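Each remark here refers to the structure printed beneath this line.
The values are calculated or read from the model by the stated rules, or taken from the named source; none is laboratory data. In this text, all values refer to a predicted model and were calculated from it rather than measured experimentally. As a convention, Cβ positions derive from the backbone with ideal geometry for all residues, glycine included, and neighbour counts pool all protein chains shown. Please note that ligands, DNA and RNA were not included when accessible areas were found on the heavy atoms of the full protein model with its side chains. Shrake-Rupley method; radii C 1.70, N 1.55, O 1.52, S 1.80 Å.
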Amino acid sequence: MSLLFELTVVITIYLFYRATHSSKTFLTIAIVWVIIQALTGISGFYHLSKDVPPKLPLLVGPPTVLIIILFLIKKGRSFIDRLSLADLTLVHGVALFVELVLYFLFVYKYVPKSMTFEGSNFDIFSGITAPVVYYFGFAKKRLSRAVLIIWNLICLMLVINASRLAVLSMPNFGQTGAEPPDMALGLFPYILLPAVIVPIVLFAHLASIRQLIKRKPLSVQS
């Protein structure tokens, strides 16, 4: 299960690296960030407990700030507009593997049922449909801009909902009455879900929506 998740992290970074047209800057930042969070997570720093304040902001804060900056500054928007829309779409296929990992974590009582596709987390839809949208939208070019925008918006809402469930299921919050509580996101390697995978997926959706609104021609090379 851990190996499957670690492979999912690698695939996520690789697919986004492709979308950046092999940006060494992105790859360097991603690797350094993973190493920092891995070492911190292995030390037990993010361990979740009712008696310990959540340290989630240290995982999601820096990527969130970086995303906001990229959308605010001219060079950042230029970077976003150069990303491969086709490869950004493929990034969302990793949701399938994430949902499988979450299900097994539920089986072993590390997360509540609400965080899985058997509960209230329907992000598996993104993972299943991403290859289909890629094929018909870019390889065959049979999907309109409107369809691609709607698909991205739906999947974006699903990611946000999944993130909300994860946070509210933590023992520090307990607002969902989750049983068992969400303990996995305080453990390595699963801390890389909010630290790496979720920020990349969210950014990929936002960047895709921006490109789709601005651009009319769609192609695999776009």
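Taking 25 Å as R0, compute the FRET efficiency from the Cβ-Cβ separation of Arg142 and Leu7 and round it to 0.05.
0.20
Solvent-accessible area per residue for the chain at a 1.4 Å probe radius, Å²? Walk me through the intermediate numbers first.
On the way: 11010 Å² over 222 residues.
About 50 Å² of surface per residue is accessible.
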Here the gain from full extension of Leu66 to Asn161, 0.36 nm per residue of separation minus their alpha-carbon distance, amounts to 32.1 nm
Ranked by GNM mean-square fluctuation in the chain (Cα springs under 10 Å), the top entry among Leu88, Leu96, Leu58 is Leu58
Mean-square fluctuation maximum in Gaussian network of the chain, Cα pairs under 10 Å, restricted to Phe45, Phe117, Phe106, hits Phe45
Length gained if Val132 through Arg82 is fully extended, taking 0.36 nm per residue and subtracting the Cα-Cα distance, is 15.7 nm
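For every helix of n ≥ 4 consecutive DSSP H residues, a contribution of -39,500 (n - 2.57) applies; sum these over the chain, divide by its total residues, and give [θ] at 222 nm rounded to the nearest 500 deg cm²/dmol. Mind showing how you got there, number by number?
Values: 9 runs with 136 residues, N = 222.
Mean residue ellipticity at 222 nm (helix-derived): -20000 deg cm²/dmol.
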The ³J(HN,Hα) series, computed from each phi in region 104-121 with the Karplus coefficients 6.51, -1.76 and 1.60 at θ = phi - 60°, rounded to the nearest Hz and given as x for glycine or proline, is 5, 5, 5, 4, 8, 6, 9, 9, x, 4, 4, 7, 10, 5, 8, x, 10, 9
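What's the longest uninterrupted piece of the chain once you rule out the trypsin sites (Lys or Arg not before Pro) that are loop residues per DSSP with at most 16 other Cβ within 10 Å? Don't skip to the answer; put the middle values down first.
Numbers: sites that count: Lys50, Lys55, Lys109, Lys140, Lys141, Arg142, Arg215.
Value returned for the longest uninterrupted segment is 143-214.
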On the formula 1/(1 + (r/R0)^6), with r taken between the Cβ atoms of Lys55 and Leu27 and R0 of 35 Å, the FRET efficiency rounded to 0.05 is 0.85
What the Cα atoms of region 120-202 span along the principal axes, largest first and in whole Å, is 47, 24, 16
Taking Cα atoms only, helix 124-134 is inclined relative to the longest principal axis of the chain by an angle, in degrees rounded to 10, of 20
Rh (Kirkwood, all Cα-Cα pairs) for the chain, Å, reads 17.8
Computed over region 58-176, the convex hull of the Cα set has an average projected area, in nm², of 8.7
Applied in sequence order to region 137-151, the curve 6.51 cos²θ - 1.76 cosθ + 1.60 (Karplus, θ = phi - 60°) yields integer Hz couplings, x standing for Gly and Pro, of x, 10, 5, 9, 6, 10, 9, 6, 4, 4, 4, 5, 5, 4, 4
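Got a number for carbon plus sulfur as a percent of the chain's accessible area, 1.4 Å probe? All intermediate terms of the calculation are to be shown ahead of the outcome.
Working: 7750 of 11010 Å².
Carbon and sulfur together cover 70 percent of it.
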Proximal lysine pairs in the chain, meaning Cα under 18 Å and 8 or more positions apart or interchain, come to 7
